[in-house]
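Please read the structure below before turning to the comments.
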There are 2 protein chains.
Amino acid sequence: MSFRFDLLHRDERTAGRVGVAHTPHGDLPTPVFAPVGTQATVKTLSPDELRELGATLILANTYHLYLRPGSDLVAEMGGLHRFMGWDRPILTDSGGFQVFSLETLRKVSDEGVTFRSHIDGSEHVFSPERAVAIQEELGADIIMCFDECAEPFDRAYSQAAMERTHRWAARCQQAQKRPDQALFGIVQGGIFADLRQESARYLSSLELPGYAIGGLSVGESKEDMHAMLDVTLPLLPEDKPRYLMGVGSPEDLVEGVARGVDIFDCTLPTRLARNGALLTRQGRLNIRNAQYTRDPAPVEEGCTCYTCRHFSRAYLRHLARTEEVLGLRLNTIHNVHFMIHLMGEIRAALLAGTFAEFREAFWAEYTIIPYEIRRANREARKARIAKG
Amino acid sequence: MSFRFDLLHRDERTAGRVGVAHTPHGDLPTPVFAPVGTQATVKTLSPDELRELGATLILANTYHLYLRPGSDLVAEMGGLHRFMGWDRPILTDSGGFQVFSLETLRKVSDEGVTFRSHIDGSEHVFSPERAVAIQEELGADIIMCFDECAEPFDRAYSQAAMERTHRWAARCQQAQKRPDQALFGIVQGGIFADLRQESARYLSSLELPGYAIGGLSVGESKEDMHAMLDVTLPLLPEDKPRYLMGVGSPEDLVEGVARGVDIFDCTLPTRLARNGALLTRQGRLNIRNAQYTRDPAPVEEGCTCYTCRHFSRAYLRHLARTEEVLGLRLNTIHNVHFMIHLMGEIRAALLAGTFAEFREAFWAEYTIIPYEIRRANREARKARIAKG
């Protein structure tokens, strides 16, 4: 079975969309948030837990799996789905982002990229053809064209990298052998609207089954990120899914969907969890904070995740302080639940025609100011009011 | 509801027993192996997983919980069961073993023990009365008398420690306020048969609801351990449960049950798991070993644990090499399943009157020689035979 995307609904007041992607490993309702399983495991979680959390798509990293355990080994073990025990859709990146982030990046030419492994210093070459071949060995449902991820603020470099990314996309398309994987193109162009538009137009002409926006959330402002989405997404074919790579936070889901993004992935919720930062509708809560020492409440009142149904903030703080592995896991469960539940509410609101109101209500409650500071501010305000 | 033990069946050919302990948190079929949850979590596992693994009893450490998060906090949060989300029986040790193992042990007198915390160096005092009070705050179903754990090879010290342990047991019994907790006495006496017998006789006279054998598996030989069980257990009241503290390995369960032990606890299976050493009926298998790199087989053919049903040795090795938390957890699931399943088979064999045969079959297959070495030996032998 090959990949197909059905656009089911368009929001009237925003660019939000509801769809479903059909993949060899089942249907993928969009918009969707994909937790990241860099090394063939979403850190701390079992596939059963991910399924119970309602995860439908996960991302795995080509660069990491190529180095360890090796994509040939994964292929020999029956592919990534079987290897990691996950039977729902998987997306692999191309390795481009990782390779271009390496301090051990050696040589970049049209032919490809020479780099040294961050693990043992051994030398390797990625090219468009090689990146596709590795992803074919891994066997994800959605695979990505090899792209050059430029530092986004330098116009000349952004343009050169974009043009190379275009040449590489055509070569990836040529190199693809497996008909059961959907090869997505990646729009580049830094923070330059005209480059982004040129990139969207060129890649659209390749008639790929889906398109990603790459090179964002790498240091530019949220305004720049939103501006790039606003100029790029309208130029991409409406009947193809749009994937915003490496984004996001809760607020990024709301704002990305409002601009027409269908697929998101980010390590943020799982990484925050391991640091004790828990997501709530009012913002982040740091469970290591002393104020939770004797707090019998769950992380978030009304949350239906396993963690909130069974454990107090006091217990989670104890696990964090004693560096118990279960703490990492219970925190991860909460944050992944938060993201998937939020996306479920977004999708329902889009279908009900109430997404604009949902977005407004979200921002009325949510703050990027840490929860503890906000609570302290609120109590200080109350105290001031009480004093008259 | 208070504690009651029913002895259901005695094996005819060994000293093995089958029973059931009734506790405020449900029935506890014996013999039983208790996984250890030192800091109010069996490392890496959730309470749901423990339940699915068939765990009925877990142990938590008084010393650790007293220091972090504090037994008063645990009491305030509704007790240990509620705090850690475990609604089946819990046993707490008295803190004696930990305190006497500390490098920061300061002063020991009949009154009690002064020590410094291994975490922050703060000074604390444990006495029989204090150890009972702390365990009453924690709220386990089975609690232990405060005992002096002597180095087991010095006769004079073993005798003095045993005598102090007896005086402390009587004080613990006096100090106990909660009627819903079963206070067990601890037999001491090092590796000296007459001391062990004296200890068993004295503690029996206190008519406690259960008895533990302490101070074993601390460096003495297996022969010494077995000899101590052989001389001690026949002197303990038959209608009370017997608990062998801090033991054991798979072979210890088989041999301990054959001598009349009802309850075991040990960190070994969970600690081994985190080091990549997996239990099988043929002995230990080290999953980090290079020979498993491309091995699609489960850890143990026929094992019904979650890990063996879903994942290959190759995947577990990958998780171990990449230091992924999921690996610690999948390994722990396998080892805890192994111990609980083994005890289930032992109990069934006792009831069927086939435990002597089971014990023989166990030893025919099991070896304490690491799995890899045994396999290499077997293959070398095969090669020699093939050559003639």
Point to revise | Lone unmet requirement of (1) modelled with pLDDT of 95 or more; (2) not in a helix (DSSP H, G or I) for B:Leu65 | key: (2)
Exercise for review: For the range B:11-21, state whether one or more residues are assigned to a loop (DSSP other than H, G, I, E, B), surrounded by fewer than 24 Cβ atoms within 10 Å (Cβ to Cβ) and within 14 Å of another protein chain (Cβ to nearest Cβ).
Suggested key: no
Check your understanding: Does the range B:191-226 hold any residues that are buried (at least 17 other Cβ atoms within 10 Å of the Cβ), of a type in the set (A, V, I, L, M) and assigned to a helix (DSSP H, G or I), and which are they?
Key -> B:Leu195, B:Ala200, B:Leu203, B:Met225
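Condition check ((1) in contact with a Pro (Cβ under 9 Å, 6 or more places away or on another chain); (2) over 21 Å from B:Glu49 (Cα atoms); (3) of a type outside the set (Ser, Thr, Tyr)) across all residues:
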{"position": "A:Leu278", "(1), (2), (3)": "no, yes, yes"}
{"position": "A:Arg284", "(1), (2), (3)": "yes, yes, yes"}
{"position": "A:Pro298", "(1), (2), (3)": "no, no, yes"}
{"position": "A:Arg309", "(1), (2), (3)": "yes, no, yes"}
{"position": "A:Glu324", "(1), (2), (3)": "no, no, yes"}
{"position": "A:Thr332", "(1), (2), (3)": "yes, no, no"}
{"position": "A:His337", "(1), (2), (3)": "no, no, yes"}
{"position": "A:Phe355", "(1), (2), (3)": "no, yes, yes"}
Review point. Restricting the first residue to the range B:84-104 and requiring it to be within 14 Å of another protein chain (Cβ to nearest Cβ), which pairs with a second residue that is crowded, with 24+ Cβ neighbours inside 10 Å and assigned to a strand (DSSP E or B) meet a Cβ separation below 7 Å and a spacing of at least six or different chains?
Key: B:Trp86/B:Ile58
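Only one of A:Glu129, A:Glu111 is of a type in the set (Asp, Glu), assigned to a helix (DSSP H, G or I) and surrounded by fewer than 20 Cβ atoms within 10 Å (Cβ to Cβ); which? Don't jump to the end; show me each part of the working.
On the way: A:Glu111 fails: assigned to a helix (DSSP H, G or I).
Going through A:Glu129, A:Glu111 in turn, just one is of a type in the set (Asp, Glu), assigned to a helix (DSSP H, G or I) and surrounded by fewer than 20 Cβ atoms within 10 Å (Cβ to Cβ): A:Glu129.
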Exercise for review: Scan the range B:87-106 for residues that are within 20 Å of B:Gly210 (Cβ to Cβ), among the hydrophobic types (A, V, I, L, M, F, W, C) and either modelled with pLDDT of 95 or more or assigned to a strand (DSSP E or B) (or both) and jot them down.
Suggested key: B:Ile90, B:Leu91
Practice item. Determine whether the range B:29-49 contains at least one residue that is buried (at least 18 other Cβ atoms within 10 Å of the Cβ), more than 13 Å from chain A (Cβ to nearest Cβ) and part of a helix (DSSP H, G or I). Key: no
Study note, to complete from the structure: Just one listed residue, out of B:Leu278, B:Leu272, is surrounded by fewer than 22 Cβ atoms within 10 Å (Cβ to Cβ) and either aliphatic (A, V, I, L, M) or in the same structural domain as B:Leu57 (by TED's automatic domain parsing) (or both), and it is B:Leu272
Exercise for review: Identify all residues within the range A:184-207 that are aliphatic (A, V, I, L, M) and without any contact (Cβ under 8 Å) to a residue 60 or more places away in the chain; write none if there are none.
Suggested key: A:Val187, A:Ile191, A:Ala193, A:Leu195, A:Ala200, A:Leu203, A:Leu206
Study note, to complete from the structure: B:Asp262: passes all of (1) of a type in the set (Asp, Glu); (2) buried (at least 22 other Cβ atoms within 10 Å of the Cβ); (3) closer than 30 Å to B:Ala314 by Cβ but (3)
Exercise for review: Report yes if some residue within the range A:139-162 is assigned to a strand (DSSP E or B), at pLDDT 95 or above and touching a helix residue (DSSP H, G or I) at 6+ places or on another chain (Cβ under 6 Å); otherwise report no.
Suggested key: yes
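The values are calculated or read from the model by the stated rules, or taken from the named source; none is laboratory data. In this text, all values refer to a predicted model and were calculated from it rather than measured experimentally. Virtual Cβ from ideal backbone geometry, glycine too; neighbours counted across all protein chains shown.
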